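What follows is a single structure, and I will ask about it in a moment.
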Amino acid sequence: MSGFRLGVIGTGIVAALHLEAARAVPGVRVTAVCDIHEAAAVQAAAGTGATAYTDHRRMLTREPLDGVVITAPHALHAGMTLDAAAAGVPVLVEKPMATTVADCTAMIEACAAAGVVLAVGHVVRFDPAAHRVARLLRSGDLGDVLAIHHHRTAHYQRGSRPGWFFDPAMAGGGIVMNVGIHGLDRIQWAGDGTAESATARVWHRDGHAVETDAMGSVTLSSGVAAGFLLTSAAGRFHDETTVVCSRGALRWSSTDGTWASRDGAPETQVMAPGGGTGEAFTAQLADFVAACRGHRPPEVGGDYGRSVVATVLAIYASAASGRPASLCRS
C-alpha cells in the first residue's frame, strides 16, 4: 500500500501531538508543515523531511497531499477547511470544529461537494477508557443511565496559554469552548445521546473577555440529564465524569482510571489510567487515514462536530439570557 502524505497547518502544542502520532502510524509521512511564523514552521518540519510554508493555500496547491490536519486558532478552522476542500484534500480539523454552527455547516457542505473526508478531532473518543466505559454502560450491567456529572479544571490565568485563547473573536469562547468541549463529548458518549438544551452560568474572572469558569446542565436526546463544572480555580487537577445508573455507578477519571460500583457495593477499579494522550492521538490519526483510504467513515464526522459546537453555543446563550436554551443545529 502506498504511503500517506500528511500536511499540518498550525504548529502549537496540539500540533506536536499530531506530528508524534504521524511517526507512530505505519505508512504516514509528514510532507508539509505550515505556520504564519516561518521559524515555527521550520522548527516543526525539522527532522520530518517536510517542506515548511507560511501560507496554507500555497501549501495545499503545491503539495500532493493525501490529508491535512488543521490545528490553527479556532476561528480559522472554517476558512482553512474550505480551502482544503477546494484543493481536494481530506481534513482532520481540531476541536472545536469551528466557532459558529453556520461555519460548521459550510465545512460539511464543502467537503461533501468535493468528495473528501471531514473528520473532527474529538480525541477523547480514541481513549481506550472511552470504549471500555461505553461497553460497560451498554451492557446493562449497571442498569439504565440516569444522570451524569462532569468536573474539569484548566488553567485560564494570564500567561497560562497563548494570547489568542483570550480573544473571543479568535477562540470563540473560553473554558467551555476550549476545554469543556471534551466533557460535553464525554457526556454525550456516556449518555448515548446528543444535547437538546442547556442551562448555564459563566464567570469572567481576572477581567478576561472569555469565560474562565462555568456551571450548568444539559438534557440529552436519550432523556439523560447531565451537569458540569468547569473551573480555572487553583487546586488539584480534575478531569472526571460520574455516571449514575439504576443499579450502580461509574466514575471515569483521567488520573485515577475507571471505577464501577454495583448494587450498593464499594467501587472497584475496572481500568487503570490510560496509556496517555499520545496513544489516543495515534489512534485518531490511524482512523483518519483509514477513512481517507475508503475503509470506513471517520469515527467522528462533521455532523457530530457541529452538534458539540451547537451545545457550547447553547450554554453561552443560556448564560447570557438567564434561561434554558435549545440547540441551533443549522
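The values are calculated or read from the model by the stated rules, or taken from the named source; none is laboratory data. Quantities reported herein were computed from a predicted structural model and do not represent experimental measurements. In this analysis, Cβ positions are derived from the backbone assuming ideal geometry, glycine residues included, and neighbour counts consider all displayed protein chains. In case anyone asks, the SASA skips ligands and DNA or RNA and just uses the protein heavy atoms, side chains included. Shrake-Rupley method; radii C 1.70, N 1.55, O 1.52, S 1.80 Å.
Which of the residues that make up the range 235-281 are touching a His at 6+ places or on another chain (Cβ under 9 Å), open to solvent by 20 Å² or more (accessible area, probe 1.4 Å) and more than 27 Å from ARG23 (Cβ to Cβ)?
HIS238, GLU240, THR242, VAL244
I need the full set of residues from the range 292-315 which are more than 16 Å from the chain's Cα centre (by Cα) and surrounded by fewer than 21 Cβ atoms within 10 Å (Cβ to Cβ), in order please. Break it down into steps so the answer makes sense when it comes.
Filtering the range 292-315 for residues more than 16 Å from the chain's Cα centre (by Cα) gives 292-297, 314-315.
Scanning the range 292-315 gives CYS292, ARG293, GLY294, HIS295, ARG296, PRO297.
Would the range 300-310 turn up any residue that is at pLDDT 95 or above, under 26 Å from LEU137 (Cβ atoms) and not in a helix (DSSP H, G or I)?
Yes, the range 300-310 contains at least one residue that is at pLDDT 95 or above, under 26 Å from LEU137 (Cβ atoms) and not in a helix (DSSP H, G or I).
Hey, another quick one. Find all pairs meeting these conditions: Cβ atoms under 8 angstrom apart; at least six residues apart or on different chains; first residue within the range 102-117 and within 19 Å of LEU6 (Cβ to Cβ) and of a type in the set (Val, Ile, Thr); second residue open to solvent by 30 Å² or more (accessible area, probe 1.4 Å) and assigned to a helix (DSSP H, G or I).
VAL117/CYS292
Just one of VAL89, VAL116 is over 19 Å from the mean Cα position of the chain (by Cα), open to solvent by less than 20 Å² (accessible area, probe 1.4 Å) and not acidic (Asp, Glu); which is it?
VAL89
Restricting to strands (runs of 3 or more DSSP E) lying wholly in the range 1-112: which have 3 or more residues that are among the β-branched types (Val, Ile, Thr)? It would help to see each step written out before you state the result.
Values: elements: 4-9, 28-34, 51-53, 67-70, 91-94.
Where strands (runs of 3 or more DSSP E) fall fully within the range 1-112 and carry at least 3 residues being among the β-branched types (Val, Ile, Thr), they are 28-34, 67-70.
Separate question: Quick check on the range 56-78: of everything there that is among the aliphatic types (A, V, I, L, M) and open to solvent by 30 Å² or more (accessible area, probe 1.4 Å), which residue is nearest to PHE166 (Cα to Cα)?
If we take residues in the range 56-78 being among the aliphatic types (A, V, I, L, M) and open to solvent by 30 Å² or more (accessible area, probe 1.4 Å), then ALA75 is nearest to PHE166 (Cα to Cα).
Across the range 5-36, what is the total count of residues that are in contact (Cβ under 8 Å) with a residue 40 or more places away in the chain, hydrophobic (A, V, I, L, M, F, W, C) and surrounded by fewer than 24 Cβ atoms within 10 Å (Cβ to Cβ)? Show your work before the answer.
Quick first cut of the range 5-36, residues in contact (Cβ under 8 Å) with a residue 40 or more places away in the chain only: 5-12, 14-15, 17-18, 20-22, 24-25, 27-28.
Still in the running and hydrophobic (A, V, I, L, M, F, W, C): 6, 8-9, 14-15, 17, 21-22, 24-25, 28.
Going one step further and asking which of them are surrounded by fewer than 24 Cβ atoms within 10 Å (Cβ to Cβ), we end up with 14-15, 17, 22, 24-25, 28.
So the count comes out to 7.
Mind checking whether some residue in the range 285-292 is under 16 Å from HIS182 (Cβ atoms), in contact with a helix residue (DSSP H, G or I) (Cβ under 9 Å, 6 or more places away or on another chain) and not in a strand (DSSP E or B)?
The answer is no; no qualifying residue exists.
Could you check the range 46-77 and list, in sequence order, the residues that are among the small types (Gly, Ala, Ser) and modelled with pLDDT of 95 or more? Talk me through it step by step, then tell me what you get.
Restricting attention to the range 46-77, the residues satisfying the condition of being among the small types (Gly, Ala, Ser) are 46-47, 49-50, 52, 67, 72, 75.
Correct list: ALA50, ALA52, GLY67, ALA72, ALA75.
Can you confirm whether LEU146 is outside any helix (DSSP H, G or I) and at pLDDT 95 or above? Before you say what the answer is, go through the steps one by one.
Numbers: outside any helix (DSSP H, G or I): yes; at pLDDT 95 or above: yes.
So LEU146 fits the description; yes.
Evaluate the following for ALA286: is it of a type in the set (A, V, I, L, M), surrounded by 13 or more Cβ atoms within 10 Å (Cβ to Cβ) and within 30 Å of GLY115 (Cβ to Cβ)?
When the stated conditions are applied, ALA286 passes them.
Give the residue that is surrounded by the most Cβ atoms within 10 Å (Cβ to Cβ), with candidates limited to residues of the range 129-161 that are under 30 Å from TRP203 (Cα atoms) and under 17 Å from the mean Cα position of the chain (by Cα).
HIS150
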